[in-house]
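Encoded as structure tokens, the structure appears first; notes follow it.
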Amino acid sequence: MGQSFVLVDDDQDILDILKFQMELDGHSVRAFSSSPQALAAIASNPPDCVVTDLMMPDIDGVELTRMLRANPKLQDLKIVVLSGKIYETDKNRALEAGADGFLIKSRQDPAEMLSYILDLLAEKLLLKFWGCRGTIPVPGPGTLKYGGNTSCVSLTFPNDHHYIFDAGTGIKQLSNQFVKSGRKKLTGTIFISHPHWDHINFLPFFQPLYAQGNQFTIAGPSSQQSGIEELVANQMEGLHFPITPREFGSQVLYKNLGEGQFKFGPATVETMLLCHPGNCLGYCVHFAGKKIAYVTDNELFPEESDMFSPAYLKRLTAFIGEADILITDSTYFDEEYPAKLGWGHSRLSAVCKLAASAKVRDFYLFHHDPDQDDAALERKLALAQEMCESLESDVRVKLAEAEEEVVITK
Ligand SMILES: [Zn+2]
Ligand SMILES: [Zn+2]
């Protein structure tokens with residue numbers, strides 16, 4: 001379906017190039033070389049999206065964004081600021097004023113500019129699984145299909161902010177992708193669920209942390225003894241690793257998290273302490289009406305166990321309630337579990353019940369036991385599908401394949 005655009009730029013060339021490209025693609029376009037004229041036209045007949053130049057004589061792009069954002073009637077309007085220059089400060093000013101995106105002008109590739117703008121309008125999120133294994137990495141012929149790396153999942157927002165959940169061995173593949181793309185000025189948040197090895201020990205191999213110009217926040221639960229900064233630094237002190245966090249060339253901020261609601265980049269993140277040794281946080285991301293839950297490592301005790309807490313189960317069910325995507329600890333087959341009771345991980349039937357009663361849409365089995373090969377995971381999937389059907393749930397049970405990308409749209 002075509003979108004409606006208002007273009008504002010004092011550079012007639014860019015106006016013509018973008019207008020041509022947009023109309024070719026079936027969109028409707030009104031183009032203005034004067035920002036006051038555009039402002040009046042937007043207010044009287046709001047488009048889906050305003051694409052405005054940054055530097056203009058009367059009202060510049062940042063000021064125009066601010067004025068549009070002050071109008072309550074234009075709440076649903078998307079705003080993209082265009083610039084001829086790659087200055088981080090300009091991008092930050094535009095985003096702070098309320099722009100949804102910031103784009104460098106390219107006379108050579110208007111199609112690429114339009115595809116960025118359309119992704120923003122679709123509020124498209126890209127979820128990618130880099131490691132789904134628990135405890136230790138398990139490379140080898142038996143794990144080729146679903147991958148042998150430990151926990152790491154990335155979520156990319158339309159304005160190019162990156163969320164990364166956990167830094168198991170999977171983060172090395174994500175690092176390779178960033179390096180290969182040659183991308184600079186990356187911004188993102190790395191959420192650590194808890195400081196067990198399979199969730200933190202490949203953080204020092206995430207190369208973008210060493211590159212100048214990138215900005216990352218590392219967020220996670222603090223323990224009684226140390227905050228998240230110490231938890232990261234402790235595994236990088238001389239005895240265990242030759243490089244210290246002082247050598248991170250990018251700007252790195254640390255944020256200790258407890259339970260609550262936090263704003264990181266473009267989305268809101270809600271946290272809840274999980275049932276696992278030490279402090280372990282589950283995360284729910286809320287963005288553009290969508291909810292993505294990353295909840296590992298977590299033990300759902302059987303009802304007959306002394307450790308079973310109905311209050312905890314109720315809270316967790318509400319926490320992940322009606323999530324579009326639930327990625328959760330499904331470590332054991334039911335028959336494996338009695339020998340592992342109290343290890344901090346869940347059995348299949350308990351997570352199926354949880355996903356069904358929380359009415360989630362897509363439920364990804366995650367954090368697999370290292371002794372389960374691809375064939376075992378497929379048995380686990382089939383069993384989980386049967387269990388959910390017998391619970392009369394229409395939740396879709398899934399297994400992420402190695403480096404699988406999932407596009408989440410409205
Ligand atoms: Zn783990
Ligand atoms: Zn753990």
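The values are calculated or read from the model by the stated rules, or taken from the named source; none is laboratory data. Note that the coordinates shown come from a computational prediction; the quantities given were computed from them, not determined experimentally. Ideal geometry is used to build each Cβ from the backbone, glycine not excepted, and the neighbour counts take in all protein chains shown.
Does any residue of region 185-194 turn out to be over 19 Å from the mean Cα position of the chain (by Cα) and surrounded by fewer than 16 Cβ atoms within 10 Å (Cβ to Cβ)? Scanning region 185-194 turns up no residue that is over 19 Å from the mean Cα position of the chain (by Cα) and surrounded by fewer than 16 Cβ atoms within 10 Å (Cβ to Cβ).
Inside region 339-357, residues that are assigned to a loop (DSSP other than H, G, I, E, B) and surrounded by fewer than 22 Cβ atoms within 10 Å (Cβ to Cβ) make up a count of 4.
Evaluated against (1) touching a helix residue (DSSP H, G or I) at 6+ places or on another chain (Cβ under 6 Å); (2) in contact (Cβ under 8 Å) with a residue 60 or more places away in the chain, T317 falls short on exactly one condition, (2).
Any chance region 94-113 includes a residue that's outside the structural domain of G168 (by TED's automatic domain parsing) and farther than 30 Å from E23 by Cβ?
Looking only at region 94-113, we keep the residues that are outside the structural domain of G168 (by TED's automatic domain parsing), and these are 94-113.
Narrowing further to those that are farther than 30 Å from E23 by Cβ: 96.
Looking for residues that are outside the structural domain of G168 (by TED's automatic domain parsing) and farther than 30 Å from E23 by Cβ, one finds at least one in region 94-113, hence yes.
Taken together, the residues in region 282-301 that are part of a strand (DSSP E or B) and among the charged types (D, E, K, R) amount to 2.
Anything in region 115-140 that is among the hydrophobic types (A, V, I, L, M, F, W, C) and closer than 20 Å to H196 by Cβ? List them, or say none. Within region 115-140, F129, W130, C132, I136, V138 qualify.
Look through region 315-345, keep the residues that are within 15 Å of ligand 2 (Cβ to nearest atom) and out of contact with any Phe, Trp or Tyr (no Cβ under 7 Å at 6 or more places or on another chain), and return whichever of them is nearest to T150 (Cα to Cα). My answer is T331. Residues of region 147-165 that are modelled with pLDDT of 95 or more and either assigned to a loop (DSSP other than H, G, I, E, B) or not assigned by TED's automatic domain parsing to the domain that holds H194 (or both): G147, G148, N149, S151. Count of region 202-222 residues, restricted to those that are within 16 Å of ligand 1 (Cβ to nearest atom) and in contact with a His (Cβ under 9 Å, 6 or more places away or on another chain), is 2. Annotation: of all residues in region 241-261 being in a strand (DSSP E or B) and either closer than 24 Å to F202 by Cβ or among the polar types (S, T, N, Q) (or both), the one that is farthest from ligand 1 (Cβ to nearest atom) is Q251.
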